[in-house]
1. Looking at (1) over 15 Å from the mean Cα position of the chain (by Cα); (2) more than 21 Å from residue 19 (Cα to Cα), which is the one condition that is false for residue 134?
2. From 54, 88, 107, which residue is at pLDDT 95 or above, out of contact with any strand residue (DSSP E or B) (no Cβ under 9 Å at 6 or more places or on another chain) and among the aliphatic types (A, V, I, L, M)?
3. So which residues in the range 72-125 are touching a Gly at 6+ places or on another chain (Cβ under 9 Å) and hydrophobic (A, V, I, L, M, F, W, C), if there are any at all?
4. If you check residue 18 against the conditions, is it modelled with pLDDT of 95 or more, assigned to a helix (DSSP H, G or I), β-branched (Val, Ile, Thr) and under 15 Å from the mean Cα position of the chain (by Cα)?
5. Which one of the conditions (1) within 18 Å of residue 116 (Cβ to Cβ); (2) in a loop (DSSP other than H, G, I, E, B) does residue 69 fail to meet, given that it meets all the rest?
6. Taking residue 23 and the conditions (1) farther than 18 Å from residue 122 by Cα; (2) of a type in the set (Ser, Thr, Tyr); (3) within 16 Å of the chain's Cα centre (by Cα), which numbered condition does it fall short on, given that it satisfies the others?
Amino acid sequence: MPSWNYHERLAKGKGIVTEWIISTRMDKKTQANLDRTLEQLRQQPQTNWSRPHASSLGDHIYVIRFKSGTGGQLRIFGHFHLLHDTFAMTLHGYEKDSKYHPPDYQARAKEYKANCDSDFSGQTRMYRDMCNICAERETIEP
């Protein structure tokens, strides 16, 4: 069974998920919900990424679902980059009244997928310590 790695898209040299956590001062309960969701998905084959934690949106784009500490419906959009056994998180947002925000999430996620797929190491970085491949390289290469 796979153990997916996680990467986040870089924007202005910073990881988009890490910056979202910092800029919104995401509370510990919300962060714990995100961590728990990522860990649960990490052990699942891609075909099992389904509701309530994740699902395919078509065009090879997936959404990860988790709740804020106050019950808000937070979302991370991304795609699988199979050459690195990775789920690349490329856009964050939320769901309200059965609609995703930002409203142009599909076009943006598709564009980010193309950018990441063309230059994975330049467009993404390991999310926290959740990439066994990159972590192993860091211990080998000083």
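1. Going through the list (1) over 15 Å from the mean Cα position of the chain (by Cα); (2) more than 21 Å from residue 19 (Cα to Cα), residue 134 breaks only (2).
2. After ruling out the rest, the residue left standing is 107.
3. 74, 76, 77, 87, 88, 89, 91, 109, 116 - these are the residues of the range 72-125 that are touching a Gly at 6+ places or on another chain (Cβ under 9 Å) and hydrophobic (A, V, I, L, M, F, W, C).
4. Considered against the rule, which asks whether it is modelled with pLDDT of 95 or more, assigned to a helix (DSSP H, G or I), β-branched (Val, Ile, Thr) and under 15 Å from the mean Cα position of the chain (by Cα), residue 18 comes out as yes.
5. (1)
6. It fails just one condition, (3).
The values are calculated or read from the model by the stated rules, or taken from the named source; none is laboratory data. Just so it is clear, the model here is predicted, and its values are computed rather than measured. Heads up, the Cβs are rebuilt from the backbone with ideal geometry, glycines too, and the neighbour counts pull from every protein chain shown.
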